[in-house]
Every structure is written in C-alpha cells, then in structure tokens.
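To start, the structure under review is shown below, and the notes come after it.
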Amino acid sequence: MVGAGPVGGTLACRLAAAGIATAVVDRAPLPPMEHPAFDGRAYAIATGSQRLLVESGVWDRLLEPACPILDIRVTDGCLGRPASSLCLHFDHAEAAEAAFGHMVEARSLRVALNARMHALPALHVFAHAHATVERRDADAVVAVAGGPTINCRLVVAAEGRNSPLRRAAGIPVTYLPYDQTGIVCAITHQHPHNNVALEHFLPSGPFARLPMCASPDAQEGGAANVSAIVWTERSAVARRILTSDDAAFSAEIARRLGDHLGIVRVIGRRWHYPLGALHAHRYFDRRLVLVGDAAHTIHPIAGQGLNLGFRDAMALADLLIEASERGADPGAPELLRRYQRRRRPDNLLMLAATDALDRLFSNDNQLLRLARDIGIAAVHRLPPLKRLFVHQAMGLPLLSRGANSGQ
Ligand SMILES: Cc1cc2nc3c(=O)[nH]c(=O)nc-3n(C[C@H](O)[C@H](O)[C@H](O)COP(=O)(O)OP(=O)(O)OC[C@H]3O[C@@H](n4cnc5c(N)ncnc54)[C@H](O)[C@@H]3O)c2cc1C
C-alpha cells in the first residue's frame, strides 16, 4: 500500500485485520499528522462508510465522539438576502436509520488510524519513507529507502489526487478545474445545532455547516456548541477572505450562515484547498490498483469524496479477502477488472452529480434560480425522489445490487 491517508490507512487495517500480510508506506511522518490541538478539519462520514471503519477496528479508537447528523437542511440564497423560502429538509427518520452519518474530526481519525496500524501484527508501517516500485508480470518489488525490499503480488496506490504511481503507469485522467477554493474551519456558536447540518447554496459556491461534538480543546473557554464549516468561494474572493483577521473572517461566516445560531466565532486553524474534479480512465494496471483520491477526486459540495474512497476500500477488501481464502492471486487482472466494474459506475455518478450541482447552484442566473427553486420544491413533494437523495447521502449506493456487483 503506498499512501497511509484515510483511505490507504483504513484499507491496510482492514486487510491486516483479516490476516493478510500488508505493508504500508507513506512519504509523510505519521505521528506529526496527529495535530496535537483541535485543528478545525472534519469529515462527514456516511452511514455506509462506517462499516469499513468498524471492520478495520478504527471506529472504536476514535479520539473524540463522532457527532451524529440527524437532519439536513438545504437552502438556496444570495449573500446579504434571506434564503429562498423553498427549502429541502431531510430527516434521518425518513430513512429509518439512527443517523445520516457522523462528523468525525480529521485529527481523531488520524490518531485512531495510527494506533490501529501499529497494533496489527500483519501490518508493517514505513512512514516518512520513500518507496521505489518495480512492477513485473508475476509480482512487484517495493524498495523502501533505508528499509527492506518487499516482494508482493499487488501494489495499491492510495497516494491522493496527484498519485505518482498512477502517473508512472501512464493511466490517463480527465481533470475539471474549478475556479473555486474550499475553505475549511470550525466555529463556536451561541445556540445549539441540534445535530442539524445546513447546506446553503450561494452564487459563489455552497456553504455548509456541519454539527460537531465539542471536544475539550475546541471549547476554548467553555463554548459547547461547535460546527465545522466547509465553504466554497471563487478563488480570488477566497484569497482576500483568508487573509482577514479572526473578527472579519467570523463576520464573513455570519453573513453566509444567518443569525439562527446567534453569535459565531471561528476557532482553530483555517484550511484552504484548490478545487478540481479528476477521474482516472482505468483503475488498474499490471500489479497496480488505484483507490480513493488517486482514482477520483470530486467537488466537496456533498462531502462525499472520502466516502467514495471508503467504498473503493470496502469493494477491494472484499475481493482480496475472498481471493486470499481461495488461495487465488490478489493481483490477477480479472480480480482488478471486477474491482473496477464494481466501483466505476458509483464514482462516475457521484462525480457527475456533484459537478452538475455545483454548476446549477453556483451562479446568480435568474432562470436557473427559478429552475432550482422549482426543483427543490419538487423533490420536497415527491417522497420517492427524496428517499433517493437520502439513500445517497447515507452512502448506500443508488445502483441496484446487480449493476453494482459487477459479476
Ligand atoms: C474542502 C474539502 C472538504 C472535504 N470534506 C469531505 C467530507 O466531509 N467527507 C468526505 O467524504 N470527503 C471530504 N473531502 C474529500 C476528502 O478529503 C478526500 O476524498 C480524502 O482525503 C481522500 O483520501 P485519500 O486517502 O484517498 O487521499 P489523501 O487524503 O490525499 O492521502 C494520501 C496519502 O498518501 C501519502 N502520499 C502521497 N504521495 C505519496 C508518495 N509518493 N509516497 C508515499 N505516500 C504518499 C500522503 O502523505 C497521504 O498520507 C473533502 C475535500 C475537500 C477539498
């Protein structure tokens, strides 16, 4: 496994927990990735992804309690004007599940992954290490600089969107740049969030507020109400906002959020990411398979990027564990093709849906505004359509079992 990010690290734990000898190499030093203090970043982990974290033994080791998302409210608006009265409200009870998903602090997931990776006897971790990979017909040789040379049957590229292994294999990608920057931070607010998540579509991009459980160091003087902010802005505007002081930055958040949560104040660090969507034309090559952002990167509009990566990891783990039980070759082209067949439709559908949502909502065209308000009202009135959205938000794929199983 090359890359011990959330996808590679979790997949490595899942395989090693099933007794499959696994080595994971990351170019970054893992312990410092555990930011010692609350760092403001968090992931929305869909209910469907939780299964992987549980089976990998990671969920129980989370540093802070994961915060359940019980309701999701979607509104369309303009900066400085009230949101359209046509709003969508998703209630977890409509899906008969305990929650849509959970908000998990990035730091908490990192600490849990590191603890679990080092506790599994079948897992060997080389971190802050450089690996050279040579792929041959029957096997691959991974030379860890200053460490061992590992002979293996399959190399998993989990190196994120710039994946050097994907490039070296000559796998082409389609890349869609967005002239947008994702701003991520955490806020405290006066009134409780009641586990409600908010997605507010604005002409410059979506603004999401996601409920968090307050961790002791997030509270800074006792504030118990904490939310994560994932906010998309035109890059030029984002550059200006990101350099403002805390008071001005908090005021920009309040302008977008409205006043329903009372006074808001930014806490922890601000993070920013240039946004783009990417899709690899193939998910495998000789003795190589791509997972997570190395295979696909999507717009964060629906908080589903990592969830797709976790679904890749679940599909690949199922195939590899089954192959190991049969004594079959884990790097056989047919197995890797089956993995691609299982995952590509779901990943492409989500990439297309998030791209379309961003294009439909991130503008101030009056006709499109009317169309989307009608769309919001229609979804609200059509329970089957609404259930479809709920299902997808929970990470339970839309595609039928047969289409998704790729047999
Ligand atoms: C603003 C924003 C908000 C988001 N919010 C959410 C959310 O709420 N929910 C959600 O599901 N998704 C979200 N995402 C998407 C999510 O962050 C990514 O999908 C996820 O981080 C991908 O994980 P990964 O493990 O595939 O890659 P990465 O997180 O990029 O990890 C890659 C790992 O590989 C290592 N690496 C890289 N190159 C090498 C190399 N050559 N050799 C060895 N190691 C290497 C890196 O050090 C790193 O540890 C968001 C994204 C953005 C931009």
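Rule-based calculations on the coordinates, nothing more; no lab input. What you see is a predicted model; the values in this text were computed from it and never measured. Heads up, the Cβs are rebuilt from the backbone with ideal geometry, glycines too, and the neighbour counts pull from every protein chain shown.
Tabulated data for the structure shown
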item: Overall form of the range 101-166 per C-alpha gyration tensor (a/c, 1.5; a/b vs b/c); result: prolate
item: Pair-distance profile P(r), taking every C-alpha pair of the range 155-304, with 5 angstrom steps and integer %; result: 2, 9, 17, 17, 14, 12, 11, 8, 6, 3, 1, 0
item: Cα-centred dipole magnitude for the chain, charges only on beta-carbon of K, R (+1) and D, E (-1), debye, nearest 20; result: 840 debye
item: Sequence-distant residues sharing a close amide H with Arg269 (under 5 Å, placed H); result: Gly40
item: Table column - 3J(HN,Hα) (Hz), the range 70-75, Karplus curve with 6.51, -1.76, 1.60, x for Gly and Pro; result: 9, 9, 10, 10, 10, 10
item: Among Leu319, Ala122, Asn195 the positive-end extreme of the charge dipole of the chain (Cβ point charges); result: Leu319
item: FRET efficiency for Asp259 and Glu322, using Cβ-Cβ distance with R0 set to 41 Å, rounded to 0.05; result: 0.15
item: ³J(HN,Hα) computed for each position of the range 43-52 - Karplus, 6.51 cos²θ - 1.76 cosθ + 1.60, integer Hz, glycine/proline x; result: 10, 8, 9, 5, 3, x, 7, 4, 4, 5
item: Per-bin percent of Cα-Cα distances, the range 314-378 [5 Å]; result: 4, 15, 16, 13, 9, 8, 8, 8, 8, 7, 4, 1, 0
item: Stokes-Einstein D for the range 1-69, Kirkwood Rh over Cα pairs, 10 °C, 1.306 mPa s (µm²/s); result: 118 µm²/s
item: Calculated SAXS-style log₁₀ I(q)/I(0) at q = 0.10, 0.14 Å⁻¹ - the chain, Debye, Cα scatterers; result: -0.68, -1.30
item: Shape of the range 247-326, Cα gyration tensor, a/c cut at 1.5; result: prolate
item: Of Asn347, Phe38, Phe284, farthest towards positive along the dipole that unit charges on Lys, Arg, Asp, Glu beta carbons give the chain; result: Phe284
